[in-house]
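*Asks:* Sharing a structure here in structure tokens format.
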Amino acid sequence: MSNQPLESLPPTGTLELENGLTLVPRVKFSLTIYPTNPSVTKPVDEWKLKLTLIDFLQTSLHPPITVPEEDLEIRRLGDLKKRKREDPVADGTLFIRDLGFLNKTTNKSNVEGVEEENVKVLEKKYLDWRKYIVEKMDGMELNLEGVKYRLNVAVPASDDFEAMKKAWEEFFAFGTRGNSRSGRQEPDTIVLSGVPSRWFAEPLVSSKPSLLVTHSIFSRLGNIRNLNVAADNDLGKEAEEIMILVSGLNCKIVVQFEKYKDFYNALKVLCGRSMQKVGNRNLNVAADNDLGKEAEEIMILVSGLNCKIVVQFEKYKDFYNALKVLCGRSMQKQGSRLKANYEVTWDKDSFFRNSRSQTQERTGKMPGMSTGNYRSEAPRRQQQISRISPDDARRKRFKVRNRVLLVAINSVGCL
């Protein structure tokens, strides 16, 4: 693993971490699609919209950009008949991962002064190119089968380091929170969400993220003062996507028979039996979206797959460099094709200060009861220990829930 200083890492560079993890560069854009005619009721064709945008990126930009289908996500939004006139009909996300073309005109010398200058040149080139993409795509008109749509494109807040820097400077200008050494208020804590829990777990020990493993990984970014790891229950849009995916695994079948006798016998035969294989062709099949209690079990399971990591650094410089490096990158694990497109931001809610106050309050009311999840505020040189609360005992059934989920999903297969 390279010990390259974070300050010398260009926006197109990769950073190796412990535990086989790597931060790989990418540019992320948020897409929102509005109909030109607000009264349109025809649903947008996600597939044709995706092909149109991929073709635009290849033919209308300089240099042309090739984007794999899996790096462009388009999602329909709700029922068109219930939407308000000003609401969008779809949204999505575009990832551009091949940024090698930005390196072509830079000096490859390793001399310290030249290398630092190269990083600054690359940063400006990177920001100018990203701005160019937004200007070219934002507001463009799309014509799909005679229906016109307007595309809005923006850089997400969690990928815009300069905007976050401006936000915390304004926040602390007249505040009294954060790192107050030398009389100056500065942030020191980052919040990373949407990374797989198993990547931060101890192999063959648990599926839960480990403080020790997480500490060793993030120590590459700077000296850590406090660390917190917990299940990421704020799934946001992922929850809707997961339910859409799962709802398509089961199906609802409606059969109209020609004779009452056939209906009677069929219903009698189907009652009290399980299905192993479906072979009838003359059927009307639709996705079964009424998952009931299964939906709740699925979301409980999925909420434990990702974790949220809160890291407080000892120095503002470490915080600054860590946040800058985490912005505009995805996390990848050696041997895995999965790319974790996490979200990162700075903590303006004084997480550790508020957490300490709540812990002291609870301890005062209920002496002898352990509190805190995956939490460590021990002195720097002490071993980091994760304390388990009564709530954690219930979450130990992760593997059992996993088996239940598979049974529920595979109980009825789509034709």
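The values are calculated or read from the model by the stated rules, or taken from the named source; none is laboratory data. Predicted, not measured: the structure shown is a model, and the values here were computed from it. Calculation scope for accessible area: heavy atoms of the full protein, side chains included, ligands and nucleic acids excluded. Shrake-Rupley method; radii C 1.70, N 1.55, O 1.52, S 1.80 Å.
*Asks:* Counting only residues that are hydrophobic (A, V, I, L, M, F, W, C) and under 12 Å from I33 (Cα atoms), which one in the range 130-143 is most open to solvent (accessible area, probe 1.4 Å)? Quick ask: steps written out before the conclusion?
*Replies:* Here is the first cut: in the range 130-143, the residues hydrophobic (A, V, I, L, M, F, W, C) are 133-134, 137, 140, 142.
Narrowing further to those that are under 12 Å from I33 (Cα atoms): 137, 140, 142.
Details: M137: 2, M140: 32, L142: 4 Å².
By that ranking, first place goes to M140.
*Asks:* Would you point out the residue of the range 335-352, among those that are assigned to a loop (DSSP other than H, G, I, E, B) and at pLDDT 90 or above, that is least open to solvent (accessible area, probe 1.4 Å)?
*Replies:* My answer is Y342.
*Asks:* Just give me the residues in the range 94-147 being at pLDDT below 85 and of a type in the set (A, V, I, L, M), in sequence order.
*Replies:* V111, V114
*Asks:* When the range 144-161 is examined, which residues are found to be open to solvent by less than 30 Å² (accessible area, probe 1.4 Å), of a type outside the set (A, V, I, L, M, F, W, C) and not in a strand (DSSP E or B)?
*Replies:* P156, S158, D159
*Asks:* On the basis of being more than 27 Å from R220 (Cα to Cα), at pLDDT below 80, open to solvent by 90 Å² or more (accessible area, probe 1.4 Å) and of a type outside the set (V, I, T), does L291 make the cut? Don't jump to the end; show me each part of the working.
*Replies:* Working: more than 27 Å from R220 (Cα to Cα): yes; at pLDDT below 80: yes; open to solvent by 90 Å² or more (accessible area, probe 1.4 Å): no; of a type outside the set (V, I, T): yes.
Taking the combined requirement at face value, the residue does not satisfy it.
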